[in-house]
Amino acid sequence: MVVEEVRRQEEIARHARAVALAKQGRWVNWESVENRKLSWSEIWGMESNRLCFIIRATYDVLPSPINLQLWFGKDPSCPLCTVPATLKHILVGCRTSLTQGRYTWTHNQVLRCLAEKVECKRKSINPQPFTNQEERQFSSTFVREGDKPRTSPSNPDLGPLKAARYWQIQVHLDQRLIFPTEIVTTTLRPDLVLWSNSQKLAYVIELTVPWEEAIEEAFERKKLRYANLAAEAEDRGWKIKVRQVEVGCRGFVVSTTAKLLREIGIRGQAQRQAIRDLANTAERASHWLWLKRANITWAPKAVS
Ligand SMILES: [Zn+2]
């Protein structure tokens, strides 16, 4: 009886901590997207139909069925599911497209791009010798959620990844992700887990590719998903960073993604390039969805 009561109290405490962790979330909106700058050379080198898509998709003035009804009184139905079809419906909201795997394909294109950036960083960090400065930094850079990192001008921020070695990565792409059991046993499958057994540090990353005006909605829907997992892992001595990141389906990278890149040490020119690559990948994938909007059958395409 006493053991049961202790367990119950532990469960209550864990849940309270999980809720507290979740409450540390933040709101994002259009203002949270990174500026998307297209250089003259990019515009010059871009196919005209792609450039046309970016501009018209941003202002939602593509000839979607609903716009064609407004402009010319045509049938507003989605060719796949008969619901009135806005651009949003075509890119993120059609149930038939969802069932056919079109949105999973778009999501995975962007995830692959993000995973390549993270993997590149992981590979560059792991072979590096551990310096005394990094050891001193360990406790100050990888702090618990809500705590402030302790830094001083004489002790520059090396980034949490450099606080450990033997980083491992799993991505929920070609193989089904099985969450590392050394952290916790769970059936949850985040998009990416990056972890180091040596220092018991882990990033749990969940990517969403939402309609830009619905970024807050996407964040809210997912924010509690990993709270219990993080609390349980922390009970076992792990320091967990759950990161929900978003790349808008029309190619606008949300600041959550830029922040993650910075946090894991992808900064400066490398960060700008990563943001450009993520934006292009999302926008190219959505362009393909747009081109195939009236095709009943679905055939994915490699986007690079
Ligand atoms: Zn539809």
Worksheet item: Considering only the range 50-59, how many residues are in contact (Cβ under 8 Å) with a residue 12 or more places away in the chain and open to solvent by 50 Å² or more (accessible area, probe 1.4 Å)?
Response: 0
Worksheet item: If you take the residues in the range 226-271 that are within 21 Å of Gly93 (Cβ to Cβ) and part of a loop (DSSP other than H, G, I, E, B), which one is most open to solvent (accessible area, probe 1.4 Å)?
Response: Phe252
Item to complete: Out of the residues in the range 41-92 that are basic (Lys, Arg) and either at pLDDT below 90 or within 30 Å of the chain's Cα centre (by Cα) (or both), state the one that is farthest from the ligand (Cβ to nearest atom).
Response: Arg50
Discussion item. Any residue that is of a type in the set (Val, Ile, Thr) and under 14 Å from the mean Cα position of the chain (by Cα) - is there at least one of those in the range 223-241?
Written reply: no
Worksheet item: Cys113: away from the ligand (no atom under 11 Å from the Cβ) and not aliphatic (A, V, I, L, M), yes or no?
Response: yes
Response to the item:
Reported set for the range 93-106 where residues are more than 11 Å from the ligand (Cβ to nearest atom) and surrounded by 22 or more Cβ atoms within 10 Å (Cβ to Cβ) is Thr106
Discussion item. Just to be sure I understand, how many residues within the range 190-225 are under 22 Å from Lys121 (Cβ atoms) and not in a strand (DSSP E or B)?
Written reply: 7
Worksheet item: Is it the case that some residue within the range 193-208 is among the small types (Gly, Ala, Ser), touching a residue at least 40 places away in the same chain (Cβ under 8 Å) and open to solvent by less than 40 Å² (accessible area, probe 1.4 Å)?
Response: no
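The values are calculated or read from the model by the stated rules, or taken from the named source; none is laboratory data. Given the structure is predicted, the values throughout are model-derived calculations rather than measurements. Reconstructed Cβ throughout: ideal geometry from the backbone, glycine too, with neighbour counts over all protein chains shown. Accessible surface areas use protein heavy atoms only, side chains included; no ligands, DNA or RNA. Shrake-Rupley method; radii C 1.70, N 1.55, O 1.52, S 1.80 Å.
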